[in-house]
1. Looking at B:Gly58, is it within 18 Å of B:Phe220 (Cα to Cα) and either surrounded by fewer than 18 Cβ atoms within 10 Å (Cβ to Cβ) or touching a strand residue (DSSP E or B) at 6+ places or on another chain (Cβ under 7 Å) (or both)?
2. Filter the stretch A:81-99 down to residues that are more than 8 Å from chain B (Cβ to nearest Cβ) and under 19 Å from A:Arg282 (Cβ atoms) and give me whichever is surrounded by the fewest Cβ atoms within 10 Å (Cβ to Cβ).
3. Condition (residue is surrounded by 14 or more Cβ atoms within 10 Å (Cβ to Cβ) and among the polar types (S, T, N, Q)) applied to the stretch B:3-17: is it met by at least one residue?
4. Output the residues belonging to the stretch A:81-104 that are assigned to a loop (DSSP other than H, G, I, E, B) and among the aliphatic types (A, V, I, L, M).
5. Quick check: is even one residue across the stretch A:192-204 surrounded by fewer than 18 Cβ atoms within 10 Å (Cβ to Cβ), touching a strand residue (DSSP E or B) at 6+ places or on another chain (Cβ under 8 Å) and not in a helix (DSSP H, G or I)?
6. Quick one: which of B:Leu124, B:Leu112 is under 18 Å from B:Leu73 (Cβ atoms), surrounded by 17 or more Cβ atoms within 10 Å (Cβ to Cβ) and of a type in the set (A, V, I, L, M)?
7. Have a look at A:Asp107, A:Asp73, A:Asp78 and point out the one that is among the acidic types (Asp, Glu), more than 10 Å from every other protein chain (Cβ to nearest Cβ), over 12 Å from the mean Cα position of the chain (by Cα) and assigned to a helix (DSSP H, G or I).
Amino acid sequence: MKGLRFFHRAGSPVRSPTPCLAAALLAVSLALLPAAAPLAQGVTPVKTPLRVAYVPVITWLISWVAKDRGFFDLHGLDVTLSPIQNLSLLPPTMGRQFDIAASTAPDLLKAAASGIDVVGVAGETIELTANQSMQVIVRPDSGIRSVQDLKGKVVATPTIGAVMHVATLHWLRAGGVDPNSIRAIEVPFPNMGDQLKAGRVDALELLQPFVGQQLAAGNVSIGNPLLSVADPGLFTFWIAQGAWARANPAVLERWIAALKDARQFLETNPTESRSILAKYTRLPDAVAQRIPFPTYDTTLNASQLEVWAKVLRDLGQLNGPVDASRLVVTPR
Amino acid sequence: MTGRQWASGIGGLLVCLALWQVLVGSGFVEYDLLPSPWTIAGGLATMVTEPAFAVEVGHTLAATLIGWLAAVLAGTGLGAVLGTSPLARRYCLASIEVLRPLPAVAFVPVALLLFGFSLQMELLVIVAPALWPALVNTMEGFAGVPQRLTDVAATFHLKRSTRLLRVYLPAAAPAVVVGMRLSLSLALVMAVVAEMVGNPEGLGYALVREQQALHPDLMFGYVLVIGLLGMLLNGLLVWGSRLALPGLFRRPVARWDSA
């Protein structure tokens, strides 16, 4: 402190040559550091860190299997998995807080239309007649037997504006029902059954395992809106920042390879996969043991997205031009 | 509060719980997501033994207190300025009335864009609404200091700082404390909301997580814990302000234990 005060009083501090020399040495050694780093990497291969966000539902199971069974490690990835409740919030965080995240076509397309640099990088689940995860459920005594009967009814949806509701609106439109004639209210999946029982809503947009629960309780399905979009159709997939995805094709290749390994493990070891499911979702064991697996498929192509872009455009939910062919960056 | 009052207060609660237990237990009311109080008590008992529970409570408590402190510091500071300066009020009051009713939940996407899923995001959602009760009450408290008190201060030619500490602050203190209490309960509510819809941490996220995981007993357990936390924080604040301002509570004020 004394020295500092002295220099202040003196007006123009005179520097000794020693600090200058030290600074020069420091600069030189700092400049050499990046050159030394690859050498160190050559000795011990460093895993690529990946920050990944998922939603704790069965849809994202293969990523948890890949993590817990070491498939990410095997492919040189150091993956940190973070649970998020609402995947609609994820696109703006790509490249900032997360590298790869769970998403759906409406979320990606709407984000891209509003100018966010985000692309699809790998598939996760598809919906097809042979294996269905979504159903629209009504009470057996409701008099609702088909999509046409939904006119003027109250429909419970997990999120207005998200994939399942967009599909439902498309399904209504395709069935000749004005999508504006229904009233949609947001209800979390676990509460939907009680709302139907209490007569507060007429129909539920439900996903497994809740579909199975409601069917077992005696309620009935009047169809699967996702299949009205495409059959087989794209349901969920992984997204990343566009610039990052284009710069890291090798990382994406390893990501997909790990997911494929995990899918194979899941097919041959369902029991062990179900205990991983119970761990990540905290679902009761009885539910985790019985819930049907969705169809996992890591391929993703632009034509699958184009179908959804048309659906959104027809419903007037896509403001701004979107070129779906540029929204998929995935290694061939 | 006398023992008799305590007894009748708790008695009323027990009657409600018993009725709930009978309705659910007898199958008269049968919903998947409405467990009986007894089941909730069981869930609560297992919940508090999990190591993650303390972390969740700690996170929500920290977010609430940091957000509340920031809101109170800014709110009382600005409120004091606005309360003592008619000129400042003339220029700012319209803006405040426009900003005050904005729903803080609507800021969640903006907060996420700015801070990602983080404590900062949560704090933005907490401070934005919790600021107003502190600000408006402090402003009203300072502006409502009786004329004769300010006249006496002027007659004695009191210094600005003395006037603030000896005249304005004691006269405005009841209103400031009310503002602080309103801010505190709002800060806790907003912390839980921010955790439910945004930042996946703390009691709010745990509540949604258990709901999605089909554990309604644990979900209601978390609701109860949040309620108790609110009661505890309010009790501590009332106790603290009684210690700091002994003259303030001579008149009975609406407290949870003064009924």
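1. Numbers: within 18 Å of B:Phe220 (Cα to Cα): no; either surrounded by fewer than 18 Cβ atoms within 10 Å (Cβ to Cβ) or touching a strand residue (DSSP E or B) at 6+ places or on another chain (Cβ under 7 Å) (or both): yes.
Here the answer is no, as B:Gly58 does not meet what is asked.
2. Step one: filter the stretch A:81-99 for residues more than 8 Å from chain B (Cβ to nearest Cβ), giving A:81, A:87-88, A:90-91, A:94-95, A:98-99.
Adding the requirement that they be under 19 Å from A:Arg282 (Cβ atoms) leaves A:81, A:87.
Working: A:Leu81: 18, A:Leu87: 23.
The selected residue is A:Leu81.
3. Among the residues of the stretch B:3-17, not one is surrounded by 14 or more Cβ atoms within 10 Å (Cβ to Cβ) and among the polar types (S, T, N, Q), which makes the answer no.
4. Residues satisfying the conditions are A:Ile84, A:Leu90.
5. Scanning the stretch A:192-204, I find at least one residue that is surrounded by fewer than 18 Cβ atoms within 10 Å (Cβ to Cβ), touching a strand residue (DSSP E or B) at 6+ places or on another chain (Cβ under 8 Å) and not in a helix (DSSP H, G or I), so the answer is yes.
6. Numbers: B:Leu112 fails: under 18 Å from B:Leu73 (Cβ atoms).
Within the list B:Leu124, B:Leu112, the selection yields B:Leu124.
7. Values: A:Asp107 fails: over 12 Å from the mean Cα position of the chain (by Cα); A:Asp78 fails: assigned to a helix (DSSP H, G or I).
Step by step, each of A:Asp107, A:Asp73, A:Asp78 is checked, and only A:Asp73 is among the acidic types (Asp, Glu), more than 10 Å from every other protein chain (Cβ to nearest Cβ), over 12 Å from the mean Cα position of the chain (by Cα) and assigned to a helix (DSSP H, G or I).
Yes or no, residue by residue, for (1) without any contact (Cβ under 8 Å) to a residue 60 or more places away in the chain; (2) in contact with a helix residue (DSSP H, G or I) (Cβ under 8 Å, 6 or more places away or on another chain); (3) within 14 Å of chain A (Cβ to nearest Cβ):
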{"residue": "B:Glu122", "(1), (2), (3)": "no, yes, yes"}
{"residue": "B:Ile126", "(1), (2), (3)": "no, yes, no"}
{"residue": "B:Pro129", "(1), (2), (3)": "no, yes, no"}
{"residue": "B:Trp132", "(1), (2), (3)": "yes, yes, no"}
{"residue": "B:Pro146", "(1), (2), (3)": "yes, yes, no"}
{"residue": "B:Thr150", "(1), (2), (3)": "yes, yes, no"}
{"residue": "B:Arg163", "(1), (2), (3)": "yes, yes, no"}
{"residue": "B:Tyr168", "(1), (2), (3)": "no, yes, no"}
{"residue": "B:Gly179", "(1), (2), (3)": "no, yes, no"}
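The values are calculated or read from the model by the stated rules, or taken from the named source; none is laboratory data. Just so it is clear, the structure is predicted and the values come from calculations on it, not from any experiment. Virtual Cβ from ideal backbone geometry, glycine too; neighbours counted across all protein chains shown.
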